[in-house]
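Worksheet for the structure shown next.
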Amino acid sequence: MLRKLWGRLKAFFVWLFRQLRDKTNIVIFFSVFLVLSCEVWIPYLIAIITGIEWWWAVGSACWAFWLAPFTPFVPLCLALTAAVRKIYDKIKNKKDKE
């Protein structure tokens, strides 16, 4: 049973790294990462612009939450990357057929 689980986990990571080698997927992943992490970098940006130190604490608290174990940040980014890529491929295939 453990070998079967290990085999599936290994197959998942092999598939994941194959997907991330594509330039389009990398661009989509970083776009999704930036959009989902905006609750972190927008307070930092506001702190730089306004000089109010409270915004540094807000940004750091959000970042600490998302970096904590058992938060679904990276899996969420990967799932949204796959979903956006499927939509991108459908649009691209429709344009190629026309």
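Odds and ends about this structure:
- Positions within region 68-86 being more than 22 Å from residue 25 (Cα to Cα) and touching a Phe, Trp or Tyr at 6+ places or on another chain (Cβ under 8 Å), in sequence order: 71
- Within this structure, residue 9 passes the test of being modelled with pLDDT under 85 and not charged (D, E, K, R).
The values are calculated or read from the model by the stated rules, or taken from the named source; none is laboratory data. The structure presented is a predicted model; accordingly, all values stated were derived computationally and were not measured. So basically every Cβ, Gly included, is an ideal-geometry build from the backbone, and we count neighbours across all protein chains shown.
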